[in-house]
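Student: First the structure, then my questions, so here it is.
Quick note: the coordinates plus some simple rules give every number you see, no bench work behind them. For clarity, every value in this text was computed on a predicted model and none was experimentally measured. Reconstructed Cβ throughout: ideal geometry from the backbone, glycine too, with neighbour counts over all protein chains shown.
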Amino acid sequence: MKLSIVGVDIAKRIFQLHWVEEDCGEIVSIQLKREKFLEHFANRAPCLVGMEACGGSQHWARELCKLGHEVKLLSARWVKPFVGGNKNDAADARAIWTAVQQPGVKSVAVKSEAQQAVLALHRMRQQLVKSRTAQVNGLRGLLTEYGEVMRQGRAGVIRQLPGALQRLSQRLPALLIDTLREQFARIQKLEEQILQIEQRLRQWHREDSASKRIAAIPGVGLLTATAAAATMGDAKAFKSGREFAAWLGLVPRQSGTGGRVRLLGISKRGDTYLRTLLIHGARAVLTHSKAPPEWVTNLAQRRPKNVTVVALANKMARTIWALCAHEREYRPGYVNQSA
């Protein structure tokens with residue numbers, strides 16, 4: 001049975017809906033308050049609901065799926081070309097309704113609450129790390145003004161700071177020394193909070209089979225494994241490992257006409273956080289591994305280091321998809337036997 005299609009532009013309080021009645025061709029564009037949104041769909045026959053993948057969309061997608069509807073979450077870049085004229089809620093809902101019917105449009109996988117919870121831990125940890133870095137750099141800069149030059153890096157500052165404060169306490173006002181020590185205490189508190197989040201991620205990692213399979217890949221640690229398992233959602237939402245790598249922005253952009261295609265740098269689309277983790281992991285393999293893959297060694301001899309790192313990160317992303325989509329364990333040196 002062909003499902004009727006509804007385009008939904010969600011917001012904090014007012015939701016805009018757009019659809020066309022199949023029996024008479026009437027165009028319907030209505031607004032619903034947040035409290036009435038699910039009630040409206042509870043009284044409708046099952047339909048295909050298109051929404052932009054934005055803040056809150058995952059929650060509403062899960063709720064609509066519980067009511068028996070099919071949901072497609074679309075990236076904003078697929079919707080924008082269909083917004084004609086002035087931009088408003090009605091135009092956005094109409095554009096979503098149009099975009100969801102186009103062939104070849106890629107949808108975003110609907111994640112479970114557990115997967116979103118893991119991603120929330122990653123986001124909070126990322127904020128704490130950024131705050132810690134800013135405070136460490138600020139503290140190092142202040143102490144440089146008084147002749148205490150410390151090594152770059154968080155570990156060097158934390159190790160040398162107590163001695164520097166002890167030396168400065170003999171010639172600087174106590175009010176400044178007390179403030180610097182309070183700043184140091186805040187950095188230590190951030191360290192504890194980051195460690196607590198990592199312990200919670202490690203606990204989820206032990207309980208999730210997909211995360212444990214991913215962690216067996218060289219260059220993939222706790223953060224990358226948990227982030228990949230949660231970000232991917234349903235691995236079968238991607239047709240292949242290359243599509244997953246392209247979704248992460250690890251494949252070249254293309255520019256061409258008249259049958260001549262020129263490959264550019266990586267597209268950098270998709271999840272920046274996970275792409276960064278994969279590239280850092282690939283760099284660790286290339287730099288510290290005693291026995292890197294032979295193809296990586298050969299590539300490093302003829303291409304720049306960063307190109308080799310991104311190529312290895314691309315390979316890691318494809319391997320992650322294969323392990324999750326086919327529910328297999330990682331095997332070093334595995335060769336695909338498919339025709």
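Student: Over all alpha-carbon pairs of the chain, lay out the pair-distance distribution in 20 Å bins, whole %, shortest bin first.
Tutor: In whole percents, the pair-distance histogram is 24, 45, 27, 4, 0.
Student: Starting from the 7 Å offset along Cα-to-Cβ, what nm value, one decimal, do you get for the label separation of Arg202 and Leu172?
Tutor: 3.5 nm
Student: Starting from the eigenvalues of the Cα gyration tensor, five times each then square-rooted, give me the equivalent ellipsoid semi-axes of the stretch 210-326, largest first, whole Å. List each step's numbers first, then the result.
Tutor: Values: eigenvalues 102, 78, 26 Å².
Equivalent ellipsoid of the stretch 210-326: 23, 20, 11 Å, largest first.
Student: Which is farthest toward the positive dipole end of the stretch 185-339 among Gln254, Val310, Gly233, measuring Cα position about the Cα centre, with Cβ charges +1 (Lys, Arg) and -1 (Asp, Glu)?
Tutor: Of the candidates, Gln254 comes out farthest on the positive side.
Student: Shifting gears a bit: Counting other C-beta atoms within 10 Å, and keeping those with at most 13, which DSSP coil trypsin sites (Lys or Arg not before Pro) do you find in the stretch 140-246? Mind dumping the intermediate values first?
Tutor: Details: sites: Arg140, Arg151, Arg154, Arg159, Arg167, Arg171, Arg181, Arg186, Lys189, Arg200, Arg202, Arg206, Lys212, Arg213, Lys236, Lys239, Arg242; in loops: Arg151, Arg171, Lys239.
In loop regions of the stretch 140-246 (DSSP not H, G, I, E or B), the sparsely surrounded trypsin sites (Lys or Arg not before Pro) are Arg151, Arg171, Lys239.
Student: For the chain, with the dipole built from +1 on Lys and Arg beta-carbon atoms and -1 on Asp and Glu ones, taken about the Cα centre, which of Thr179, Val157, Leu119 lies farthest toward the positive end?
Tutor: Val157
Student: Using Cα atoms only, what is the angle between the long axis of helix 272-288 and the major principal axis of the chain, expressed in degrees (0 to 90) to the nearest 10?
Tutor: Here the helix axis deviates by roughly 50 degrees.
Student: Moving to a separate point now. Taking GluC sites (Glu not before Pro) as exposed when DSSP calls them loop (any state but H, G, I, E, B) and at most 13 other Cβ atoms lie within 10 Å, what is the longest stretch of the chain free of them, the sites themselves excluded?
Tutor: Working: sites that count: Glu21, Glu22, Glu26, Glu145, Glu327, Glu329.
Within the chain, the longest run free of exposed GluC sites (Glu not before Pro) spans 146-326.
Student: Oh, and also: For Arg242 and Leu3, compute 0.36 nm times the residue count separating them, minus their Cα-Cα distance, and round to one decimal in nm. Provide the component values of the computation, followed by the final result.
Tutor: Working: separation 239, 0.36 × 239 = 86.04 nm, distance 3.04 nm.
So the extension gain works out to 83.0 nm.
Student: Follow-up. About the Cα centre of the chain, how large is the charge dipole given +1 on each Lys and Arg Cβ and -1 on each Asp and Glu Cβ? Please answer in debye to the nearest 20.
Tutor: Values: 52 positive and 28 negative charges, 305 e Å.
The dipole of the chain has a size of about 1460 debye.
Student: While we're looking at this one, here's another question. Suppose only helical runs count, i.e. DSSP H with n ≥ 4. What mean residue ellipticity at 222 nm does that imply for the chain under -39500 (n - 2.57) per run, divided by all residues and rounded to the nearest 500 deg cm²/dmol? Provide the component values of the computation, followed by the final result.
Tutor: Working: 13 runs with 188 residues, N = 339.
Calculated from helices alone, the mean residue ellipticity at 222 nm is -18000 deg cm²/dmol.
Student: Given the options Gly141, Gln31, Val49, identify the residue whose Cα lies farthest towards the positive end of the charge dipole of the stretch 1-147 (+1 on Cβ of Lys, Arg; -1 on Cβ of Asp, Glu).
Tutor: So the residue furthest toward the plus end is Gly141.
Student: Sort the stretch 7-110 into rounded, prolate or oblate with this rule: let a ≥ b ≥ c be the square roots of the eigenvalues of the Cα gyration tensor; rounded if a/c is under 1.5, and if a/c is not under 1.5, prolate when a/b is larger than b/c, oblate otherwise. If you can, show how the numbers build up before the last one.
Tutor: Details: a/c = 1.26, a/b = 1.12, b/c = 1.12.
It is rounded, given that a/c, with a ≥ b ≥ c, falls under 1.5.
Student: Using 7 Å Cα-to-Cβ label points, what is the His59/Leu32 separation (nm, one decimal)?
Tutor: 1.6 nm
Student: Can you compute the charge dipole magnitude of the stretch 113-207 about its Cα centre, using +1 on each Lys and Arg Cβ and -1 on each Asp and Glu Cβ, nothing else charged? Give it in debye, rounded to the nearest 20. Spell out each step's value before the answer.
Tutor: Details: 16 positive and 9 negative charges, 40 e Å.
The dipole magnitude comes to about 200 debye.
Student: Let me ask another. Can you return the lysines within cross-link range of Lys268? Criterion is Cα-Cα under 25 Å, with same-chain partners fewer than 8 residues away left out.
Tutor: Once the sequence-local lysines are set aside, what remains near Lys268 is Lys72, Lys80, Lys106, Lys111, Lys130, Lys236, Lys239, Lys305, Lys315.
Student: Round to the nearest 10 and give me the degree value, 0 to 90, for the angle of helix 57-66's Cα axis relative to the longest principal axis of the chain.
Tutor: So the helix axis and the longest Cα principal axis differ by about 50 degrees.
Student: Oh, and also: Using the alpha-carbon centroid of each, what span in Å lies between the stretch 162-224 and the stretch 96-153?
Tutor: Between the Cα centre of the stretch 162-224 and that of the stretch 96-153, the gap is 15 Å.
Student: Once the Cα atoms of helix 174-207 and of the chain are each reduced to a long axis, what angle between those two axes, in degrees from 0 to 90 to the nearest 10, is obtained?
Tutor: Taking Cα atoms only, the helix is inclined about 50 degrees.
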